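*Asks:* I have a structure I would like to understand better, so I am pasting it below and will then ask my questions one at a time.
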Amino acid sequence: MYFERLAVAVADANKLSASIELAERLNVPLVEIGSADLTIQANYFLSYRDNCLKLLDVQTLKKGGLAVEIEPRQGEQRSYPAPKNGLLAMAIGKKTHTVIDATTGWAQDSLSIFRMGYDIQCIERSPVMVELIQDGFARLAQKSWMQNRQLQAPKLLIGNAIELLSSLPEQPDCIYIDPMFPPKRKKTALSKKAMTILRDILGDDLDRNDLFTAAMQAAGKRVVVKCPDDAEVLAGKPSQSFQGKLLRYDVYLK
């Protein structure tokens, strides 16, 4: 288990209290950056630095690290709501209103969907990723464009998506799933470092077929599956498929 090789590292004295609470929530050691035996205690570290919570490995202890990026990715619109253009928007559907991202991960797709004006809720089962997502959404809520429009960050549901989808109070129009497939032969859209660490933390989603079944039962109109462009379809021939250079969106209509 990755928890055996995870610690919370204190880099900012002003965040000592928050770091202690974080270590207690995750039941992992609290260490100080600069201590001699730091790399013996853990392979990965959560640390408050650069005004956000970051996930570090031994190579990024002095600087760097990964956080939930709340700014639009390269090529994405900065306006709100952003135009519903591109493969992701076509897969979600312009007439869709409510979306659940059942595999939030680094939340990049969730935030893209949110910025396009969809009503989105997120699901994440990894306690480590939950902490990173919550930090990112808290930073998002402080943005002036969010406050000026009186917008709230997406709601994060914590737990196993297969179980949570079966007990939703209302059917969402669309359920979006981006399961962790086996390593891709070609370069991924997500940075190599982020994907490597995410895979180390989560592993492959061996229950992705069960997740798809749960999503089809819970969705009101469609299920969208994001996958590498060379991956086999998850559940038979999709109703629609939108192909990119590195990835594919398979759409299953109900």
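*Asks:* Apply the Karplus curve 6.51 cos²θ - 1.76 cosθ + 1.60, θ = phi - 60°, to the phi angles in segment 129-141 and return the couplings in whole Hz, x for Gly and Pro.
*Replies:* Working through the residues one at a time gives 5, 4, 4, 5, 5, 4, 5, x, 5, 5, 5, 4, 4 Hz.
*Asks:* Kindly state, to the nearest 0.05, the FRET efficiency for residue 95 paired with residue 5, given R0 = 41 Å and r defined as their beta-carbon distance. Walk me through the intermediate numbers first.
*Replies:* Numbers: r = 46 Å, r/R0 = 1.11.
Here the calculated transfer efficiency is 0.35.
*Asks:* For the chain, take every pair of Cα atoms, bin their distances at 5 Å starting from 0, and report each bin as a whole percent.
*Replies:* Histogram of Cα-Cα distances, whole percents per bin: 1, 6, 13, 16, 18, 17, 13, 9, 5, 2, 0, 0.
*Asks:* Starting with the fewest neighbours, write out 226, 94, 143 ranked by other beta-carbon atoms found within 10 Å of each beta-carbon. List each step's numbers first, then the result.
*Replies:* Values: 226 23, 94 10, 143 15.
The fewest-first ordering by Cβ neighbours comes to 94, 143, 226.
*Asks:* Taking 0.36 nm per residue of sequence separation and subtracting the Cα-Cα distance, how much length would be gained by fully extending the chain between residue 207 and residue 74, in nm to one decimal? Write down the numbers at each step before the final one.
*Replies:* On the way: separation 133, 0.36 × 133 = 47.88 nm, distance 3.18 nm.
Difference between extended and current length: 44.7 nm.
*Asks:* At 222 nm, what helix-only mean residue ellipticity would the chain give, in deg cm²/dmol to the nearest 500, using -39500 (n - 2.57) for each DSSP H run of four or more? Mind dumping the intermediate values first?
*Replies:* Numbers: 9 runs with 77 residues, N = 254.
Estimated from H runs of four or more residues: -8500 deg cm²/dmol.
*Asks:* Arrange the peptides 112-118, 148-154, 74-80, 124-130 so that the one whose residues have, on average, the most other Cβ atoms within 10 Å appears first. Could you put the intermediate results ahead of the total?
*Replies:* Details: 112-118: 21.7, 148-154: 13.9, 74-80: 11.1, 124-130: 19.4.
Going by the mean number of other Cβ atoms within 10 Å, highest first, we get 112-118, 124-130, 148-154, 74-80.
*Asks:* Looking at the chain, send over the antiparallel percent of its DSSP beta bridges, to the nearest 5.
*Replies:* Values: 18 of 39 bridges.
The antiparallel proportion sits near 45 percent.
*Asks:* Just to be sure I understand the model, the point goes 7 Å from the Cα along the line to the Cβ. What's the resulting residue 146 to residue 20 distance in nm?
*Replies:* Here the modelled spin labels are 2.8 nm apart.
*Asks:* Counting pairs of alpha carbon atoms under 8 Å apart in space and at least six apart in sequence, what relative contact order in percent does the chain give?
*Replies:* Details: 412 pairs, mean separation 38.7, N = 254.
Contact order relative to length: 15 percent.
*Asks:* Here is a further query. Could you work out the percent of alpha carbon pairs in segment 2-60 separated by over 16 Å, rounded to a whole number?
*Replies:* The calculated P(r) of segment 2-60 puts 32 percent of pairs beyond 16 Å.
Taken together, the values in this text are just the output of simple stated rules run on the coordinates, not laboratory data. Computed from a predicted model, the values in this text were never measured in an experiment. Ideal geometry is used to build each Cβ from the backbone, glycine not excepted, and the neighbour counts take in all protein chains shown.
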